[in-house]
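Here the structure is laid out as structure tokens; the discussion comes afterwards.
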């Protein structure tokens, strides 16, 4: 090809974005009652209590962070990860020392996988009834203090480029060639890491939630006062949205849920194990062979906020499986505030043969 004449126009556009953000929230208190940090009581016309760190406390935390950055490698380790005995990463050590500085109590780190029973690969955990009964009988006493620490780091990168070209050429043999070209390239990268620490009376309670809508548990932004840990003090907690409900054993048969002792999980931290103690025939299912089946109820609220208790049979539930798998997931608001954490998931069967989910949700 021999070009004798040409007209070519080219354009390009480029845009890029790079964001790196960190956020840390620390709340602590002394006493058996968690302060109303969120200001929910103020919204209801009653005074709230808010905790803030003093300048002295903030300077102490800053010195801890600086000391961590310059600490020599010869310093003895505070702890190691239980799984592979590798040293605690620097960011986690800083958080540990912050908690110790504020509470005056030693912090121990362990691997979350140690909380799961030892099973084969892909197996689900099914608690033994005898072990479940022992764990369910222990009711923790208030620590008299609490600490909540949440830290999040987010890195976002995005880049886009576009090139366009239009032109016309004439060749020596008399051809006229018009052309047009569009080229676009783009990339994006998002990385987010988070650490959540709960200590003392801030440790989350985890009741069992049964889901009828075919999806996982969803929590309402609205909070209500309820004695979840059965210590005589009410706490603000989120309620499940329509389509789900808390699994209840109304032990005193008064037609209402008095406190967390009538739910499965808040006292022991393992709702599936609590439920397993009622598996009389040991078939790993709560079904009509077990006396408790007819006594179990589902706690829901109607559109007017009124409590409603219904039996498993009324909901068409035939059997609850006692096995579960770890399924960590944060249930957040539109503003990214955590309402609860899904810890594990199991299944149940309807009388029709359809299947639904049963989840342990930390509140």
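The values are calculated or read from the model by the stated rules, or taken from the named source; none is laboratory data. No experiment lies behind these values; they were computed from the predicted model shown. Virtual Cβ from ideal backbone geometry, glycine too; neighbours counted across all protein chains shown.
Could you please let me know if residue 272 is more than 14 Å from residue 363 (Cα to Cα) and surrounded by 17 or more Cβ atoms within 10 Å (Cβ to Cβ)? Yes. In the range 302-363, counting only strands (runs of 3 or more DSSP E) that sit wholly within it, the ones holding 1 or more residues that are within 26 Å of the chain's Cα centre (by Cα) and farther than 17 Å from residue 237 by Cα span 317-321, 325-332, 338-350, 355-362. If we keep just the residues of the range 142-182 that are at pLDDT below 85 and assigned to a loop (DSSP other than H, G, I, E, B), which is nearest to residue 234 (Cα to Cα)? Per the stated criteria, the residue is 142.
Could you tell me whether residue 222 is in a strand (DSSP E or B), closer than 30 Å to residue 263 by Cβ and in contact with a strand residue (DSSP E or B) (Cβ under 9 Å, 6 or more places away or on another chain)? Against the criterion (in a strand (DSSP E or B), closer than 30 Å to residue 263 by Cβ and in contact with a strand residue (DSSP E or B) (Cβ under 9 Å, 6 or more places away or on another chain)), residue 222 qualifies. Here residue 304 fulfils each of the conditions (1) closer than 30 Å to residue 192 by Cβ; (2) surrounded by fewer than 13 Cβ atoms within 10 Å (Cβ to Cβ) apart from (1). The number of residues in the range 319-349 being surrounded by fewer than 15 Cβ atoms within 10 Å (Cβ to Cβ) and over 11 Å from residue 272 (Cβ atoms) comes to 10.
I'd like to check something: does the range 275-294 contain any residue that is within 22 Å of residue 340 (Cβ to Cβ) and surrounded by fewer than 21 Cβ atoms within 10 Å (Cβ to Cβ)? Looking for residues that are within 22 Å of residue 340 (Cβ to Cβ) and surrounded by fewer than 21 Cβ atoms within 10 Å (Cβ to Cβ), one finds none in the range 275-294, hence no.
Residue-level analysis places residue 193 among those that are in contact (Cβ under 8 Å) with a residue 40 or more places away in the chain, outside the structural domain of residue 300 (by TED's automatic domain parsing) and touching a strand residue (DSSP E or B) at 6+ places or on another chain (Cβ under 6 Å).
Checking 306, 277, 295 one by one, the residue that is touching a helix residue (DSSP H, G or I) at 6+ places or on another chain (Cβ under 8 Å) and assigned by TED's automatic domain parsing to the domain that holds residue 218 is 277 and no other. Looking at the range 16-30, which of its residues are over 21 Å from residue 143 (Cα atoms) and under 22 Å from the mean Cα position of the chain (by Cα)? Those that are over 21 Å from residue 143 (Cα atoms) and under 22 Å from the mean Cα position of the chain (by Cα): 21, 22, 23, 24, 25. The residues in the range 280-294 that are assigned to a loop (DSSP other than H, G, I, E, B) and out of contact with any strand residue (DSSP E or B) (no Cβ under 6 Å at 6 or more places or on another chain) can be counted, and the count is 8. Candidates are the residues of the range 183-208 that are out of contact with any helix residue (DSSP H, G or I) (no Cβ under 9 Å at 6 or more places or on another chain), within 21 Å of residue 330 (Cβ to Cβ) and outside any loop (DSSP other than H, G, I, E, B); the one that is modelled with the lowest pLDDT is 196.
When restricted to residues that are in contact with a helix residue (DSSP H, G or I) (Cβ under 7 Å, 6 or more places away or on another chain) and surrounded by fewer than 22 Cβ atoms within 10 Å (Cβ to Cβ), the range 209-228 contains 2. Inclusion of residue 146 among residues that are surrounded by fewer than 17 Cβ atoms within 10 Å (Cβ to Cβ), within 20 Å of the chain's Cα centre (by Cα) and more than 30 Å from residue 20 (Cβ to Cβ) is not warranted.
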